[in-house]
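Structure record follows, encoded as structure tokens.
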Amino acid sequence: MVVVPCNAAALSAPFTGSMRFDSFDNFGCQGSWAFVWATVGLAPHEIGVTEVLRFDRPAGAWRIMSRLTYCTPHLLPNVVYRQGCFSN
């Protein structure tokens, strides 16, 4: 059984390239789903983002998921849906 890590280090790992992680304002997990409110990028081009993530059990890592695809109440746990789908 793979333990799903719900901490800043694990949830910041998918933020690479132009979405390089800077800091979290908030995050939370339920099961294999998570939401993050993060600041990404390098100054002076930092931006705030809200993302929905899913834990990829075979890879043992979080992946950023498309909010267009997954932000429906029947696909996401309630806390991830409410916190991850209704901002920027």
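Just so you know, all these numbers are worked out from the coordinates, no wet-lab data involved. All of these numbers come straight from a predicted model, not from anything done at the bench. Quick reminder, even Gly has a Cβ in these numbers, built from the backbone with ideal geometry, and neighbours come from all protein chains shown.
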Positive-pole candidate from Gly17, Val3, Pro44, dipole of the chain, charges at beta carbon: Val3
Residue-span extension gain [Thr39 to Val3] - 0.36 nm each, minus C-alpha spacing: 10.3 nm
GNM result for the chain, Cα springs below 10 Å: residue of Leu42, Leu11, Leu76 fluctuating most strongly: Leu42
Equivalent-ellipsoid semi-axes of the chain, from the Cα gyration tensor, Å, largest first: 20, 16, 11
For Trp62, distant residues with modelled amide H under 5 Å away: Asp56
